[in-house]
Ligand SMILES: Cc1ncc(C[n+]2csc(CCOP(=O)(O)OP(=O)(O)O)c2C)c(N)n1
Ligand code: SF4
Ligand SMILES: [Mg+2]
């Protein structure tokens, strides 16, 4: 595995003068924005993107270090709008792609963005396995309780009774509880926020980025086209309430986090669960280093020959 110092820095995409990293100003929205987002006016996803730009600026992440991965969906259009490295990958398969990047590029912090369908439906299994493997990255699930891109089908987070093109008489299947599912899957950082509270979104993104492991944020992000008003009861400007996780909550207490997740909507916002466990990145790097030690000084063909000989 290459150390950060050995990794060639790709072309300088910025117009910033070559100052030392600490002396440079963080990239501005103008320097990092790509295409104009194609979301419907008023879509919650705009705020999440704006806050990602803020994070990049505040934390001084340079173009060559920005890695934005997504699956398919309105929310998953994210990488198109960021002028840096990234991938708009297959529906539900953003996490395996991001895992490969994370495990081979320890100098990067990979961000994955996607919707409730991408995360909990088609990508549900990948979510469980990435969580239990504790692969270092941050996954922001932009939950709008509906399939937006495909024009209003029931999603795994749609509440009972939700009328959609797949449930014309109203949803009858019990929705999943994202927080409970993520905690039980083994995610080591689980938080909840909403696009209507920008400071809180940024705070959660920063805390997630600083976590050494698989960090997930469920960010409520309203689909004004197919589920208008879904989150009004969590928005004080619409008469709702935005209650933070209680200050005395112990984020390392799995049962307490689970209990918090059981509160009825709008529930709580903040970090529900956070523990330090070995990451797959560290475990795998240790195996690679020890194997490289064993074959030190040998040519690649010699290593291959030995492997073939063992198979005889
Ligand atoms: C394999 C596959 N199955 C189905 C689709 C159709 N499809 C595209 S996006 C989507 C759901 C998106 O919903 P969500 O992840 O909640 O994102 P949103 O659009 O709501 O942001 C579906 C079913 C697809 N592109 N690929
Ligand atoms: S359909 Fe919904 S989720 Fe998609 S861009 Fe429009 S408002 Fe946003
Ligand atoms: Mg959705």
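A compact table of results
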{"read-out": "Evaluation of residue 277 against (1) closer than 25 Å to residue 61 by Cα; (2) not in a strand (DSSP E or B) (one fails), failing number", "value": "(1)"}
{"read-out": "Test: residue in segment 284-296 that is closer than 14 Å to residue 189 by Cβ and modelled with pLDDT of 95 or more", "value": "no"}
{"read-out": "Selection from segment 51-84 of residues that are in a loop (DSSP other than H, G, I, E, B) and under 30 Å from residue 231 (Cα atoms)", "value": "59, 71, 72, 73, 74"}
{"read-out": "Pair list, Cβ under 7 Å, 6 or more apart: segment 227-247 residue on the phi > 0 side of the Ramachandran plot, other residue in a strand (DSSP E or B)", "value": "none"}
{"read-out": "Candidates 272, 231, 214, filtered to the one that is closer than 20 Å to residue 49 by Cα and either at pLDDT 95 or above or crowded, with 21+ Cβ neighbours inside 10 Å (or both)", "value": "231"}
{"read-out": "All positions within segment 50-64 that are without any contact (Cβ under 8 Å) to a residue 60 or more places away in the chain and buried (at least 17 other Cβ atoms within 10 Å of the Cβ)", "value": "53, 56, 61, 62, 63, 64"}
{"read-out": "Number of the exception - residue 48 against (1) closer than 26 Å to residue 127 by Cβ; (2) modelled with pLDDT of 60 or more; (3) in a loop (DSSP other than H, G, I, E, B)", "value": "(3)"}
{"read-out": "Contacts under 6 angstrom Cβ, first residue in segment 133-149 being under 30 Å from residue 107 (Cβ atoms), partner within 11 Å of ligand 2 (Cβ to nearest atom) and in a strand (DSSP E or B), 6 or more apart", "value": "142/115"}
{"read-out": "Matching entry among 107, 116 (being surrounded by fewer than 17 Cβ atoms within 10 Å (Cβ to Cβ) and within 26 Å of residue 211 (Cβ to Cβ))", "value": "107"}
{"read-out": "Leading residue by the ranking (farthest from residue 122 (Cα to Cα)) among those in segment 62-75 that are in contact with a helix residue (DSSP H, G or I) (Cβ under 6 Å, 6 or more places away or on another chain) and within 16 Å of ligand 3 (Cβ to nearest atom)", "value": "75"}
{"read-out": "Condition broken by residue 35, with the remaining ones in (1) surrounded by fewer than 19 Cβ atoms within 10 Å (Cβ to Cβ); (2) at pLDDT 95 or above; (3) in contact with a helix residue (DSSP H, G or I) (Cβ under 7 Å, 6 or more places away or on another chain) satisfied", "value": "(2)"}
{"read-out": "Selection count, segment 238-255, where residues are within 15 Å of residue 180 (Cα to Cα) and surrounded by fewer than 17 Cβ atoms within 10 Å (Cβ to Cβ)", "value": "4"}
{"read-out": "Criterion violated by residue 96 - all others in (1) surrounded by fewer than 19 Cβ atoms within 10 Å (Cβ to Cβ); (2) assigned to a helix (DSSP H, G or I); (3) away from ligand 1 (no atom under 16 Å from the Cβ) satisfied", "value": "(3)"}
{"read-out": "Criterion (part of a helix (DSSP H, G or I) and within 27 Å of residue 193 (Cα to Cα)) met by exactly one of 255, 304", "value": "255"}
{"read-out": "Residue match in segment 107-116 (condition: near ligand 1 (Cβ under 10 Å from one of its atoms), over 21 Å from residue 32 (Cα atoms), in a helix (DSSP H, G or I) and touching a strand residue (DSSP E or B) at 6+ places or on another chain (Cβ under 6 Å))", "value": "yes"}
{"read-out": "Residues of segment 135-161 satisfying the condition of being buried (at least 21 other Cβ atoms within 10 Å of the Cβ) and more than 10 Å from ligand 1 (Cβ to nearest atom)", "value": "135, 136, 137, 138, 139, 140, 154"}
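The values are calculated or read from the model by the stated rules, or taken from the named source; none is laboratory data. None of these values were measured; they are calculated from a predicted model. Cβ atoms come from the backbone with ideal geometry, glycine included; neighbour counts cover every protein chain shown.
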